[in-house]
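Working notes for the structure below.
Each value in this text was obtained by applying a stated rule to the coordinates, not by laboratory testing. Remember, it's a predicted structure, so these values are computed and weren't measured experimentally. FYI the Cβ positions are ideal-geometry reconstructions off the backbone, even for glycines, and counts take in every protein chain you see.
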2 protein chains.
Amino acid sequence: MPKIDLDTLKWRTGSGYPGKLGQMFDGRSQTALGDPHGLTQFGVNLVRLAPGAMSSLRHWHMQQDEFAIVTEGECTLVDDHGEHVLQVGDCAAFPAGDANGHHLINKTDAPATFLVVGSRTETETAFYSDLDMMVTDEGNGFAFTRQNGSPLTAKEIGDDQ
Amino acid sequence: MPKIDLDTLKWRTGSGYPGKLGQMFDGRSQTALGDPHGLTQFGVNLVRLAPGAMSSLRHWHMQQDEFAIVTEGECTLVDDHGEHVLQVGDCAAFPAGDANGHHLINKTDAPATFLVVGSRTETETAFYSDLDMMVTDEGNGFAFTRQNGSPLTAKEIGDDQ
């Protein structure tokens with residue numbers, strides 16, 4: 001059935017970020033709309049942000065295009081150029097390789113939701129803008145390191161506290 | 001700038017369908033959100049349907065995934081299983097190769113808009129469900145024929161009237 005039953009979506013919380021960095025995402029939940037409905041060529045997710053929550057650490061992708069549209073509430077897009085308020089229906093495009101780190105934050109007192117589409121690629125590297133970290137996927141899972149490839153320290157990922 | 005200025009979008013009307021089939025789409029207009037903002041790996045379009053207008057002839061894609069979300073008004077998804085009303089925020093997924101012809105119709109008295117995402121592939125074939133027609137793209141543009149590859153007649157595309 002092409003129409004997606006929004007009432008039966010399975011929302012998940014949790015983060016793949018290393019150490020205590022993941023604890024910054026307790027207010028974020030997401031659900032896949034594409035994969036469970038047979039789409040394989042690009043990813044489609046709905047992401048809900050509780051007040052104060054953010055979509056991700058500010059980052060940019062080497063290989064994968066991203067596109068987002070706000071579907072509920074208000075999100076603030078933060079990138080290298082500052083802050084940009086996105087209301088329901090507002091859209092943003094993030095071309096692969098554009099070194100403009102970005103994320104969405106819910107700075108309001110009400111829930112916010114956005115739909116995000118991303119390319120599928122066999123490998124990927126993404127760089128984080130506000131800390132010395134990158135994530136690489138050579139086809140066998142995500143590996144978080146410093147941007148020169150060296151290991152992150154316990155202090156850098158909050159595990160010394 | 002990642003945030004898309006919705007006030008400066010260039011909407012276009014018109015249809016690539018052969019003969020007078022294209023005249024059925026005067027109430028449809030669309031604007032690309034991905035390409036003008038640097039995305040190359042998938043297509044993103046906003047499509048506006050005036051009352052009575054439809055998104056396309058009912059069709060399905062051999063190679064390309066499609067995804068749609070209604071952003072304004074109400075659309076009726078018509079597929080092999082009947083009619084399914086999509087309100088704002090409702091989504092539909094159309095996996096490549098699923099031979100379930102589909103299109104969206106605005107059956108209301110108010111404008112309706114949806115956002116649609118589609119894969120990019122080097123070649124493509126799509127089949128139409130309500131007439132003996134297919135479209136093929138071997139990388140050098142669209143060719144409309146009968147589903148056995150033979151030419152469409154003037155009568156079949158309304159050019160005899």
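Shielding by partners for B:69-78, please: the mean number of other protein chain Cβ atoms within 10 Å of each residue's Cβ.
Numbers: counts 8, 0, 6, 1, 0, 0, 0, 0, 3, 0.
Taking the mean over all residues of the peptide, I get 2.
What chymotrypsin sites (Phe, Trp or Tyr not before Pro) does the stretch B:1-90 have in DSSP loop regions with at most 16 other beta carbons within 10 Å? If you can, show how the numbers build up before the last one.
Numbers: sites: B:11, B:25, B:42, B:60, B:67; in loops: B:11.
In loop regions of the stretch B:1-90 (DSSP not H, G, I, E or B), the sparsely surrounded chymotrypsin sites (Phe, Trp or Tyr not before Pro) are B:11.
Below 8 Å between Cα atoms, with a sequence gap of 6+, how large is the relative contact order for chain B in percent?
Numbers: 370 pairs, mean separation 37.0, N = 161.
In percent, rounded to a whole number, it is 23.
Can you give me the pair-distance distribution of the stretch B:83-155, C-alpha pairs, 5 Å bins, whole percents?
3, 11, 19, 20, 18, 14, 11, 4, 0
So if R0 is 30 Å, what FRET efficiency would residue B:100 and residue A:10 give, r being the distance between their Cβ atoms, rounded to the nearest 0.05? Walk me through the intermediate numbers first.
Values: r = 24 Å, r/R0 = 0.79.
Efficiency, rounded to the nearest 0.05: 0.80.
Can you give the percent of C-alpha pairs in chain A whose distance is more than 30 Å? Could you put the intermediate results ahead of the total?
On the way: 1855 of 12880 pairs.
So the portion of pairs separated by more than 30 Å is 14 percent.
Which net charge results when you count Lys and Arg as +1 and Asp and Glu as -1 among the other residues whose beta-carbon is under 13 Å from that of residue B:119? Working shown, then result.
Values: positive: A:120, B:120; negative: A:65, B:65, B:66, B:122, B:124, B:137.
Its environment carries a net charge of -4.
Restricting to Cα pairs below 8 Å that are 6+ residues apart, what does the relative contact order work out to for the stretch A:112-161? Please round to a whole percent. Walk me through the numbers before you get to the answer.
Working: 47 pairs, mean separation 10.6, N = 50.
Contact order relative to length: 21 percent.
Bin by bin, in steps of 10 Å, what percent of the Cα pairs in the protein assembly as shown do you find, going until the bin that has the longest distance?
6, 24, 33, 21, 11, 5, 1, 0
Please state the relative contact order of the stretch A:1-92 as a whole percent: Cα pairs under 8 Å, 6+ residues apart?
Working: 111 pairs, mean separation 16.7, N = 92.
Relative CO of the stretch A:1-92 lands at 18 percent.
Between residue B:159 and residue A:138, what is the label-to-label distance in nm when each label sits 7 Å out along the Cα-to-Cβ direction?
In this crude label model, residue B:159 to residue A:138 measures out at 5.7 nm.
Could you identify which residue out of A:55, A:119, A:150 has the top mean-square fluctuation in a GNM of chain A using Cα springs shorter than 10 Å?
A:150
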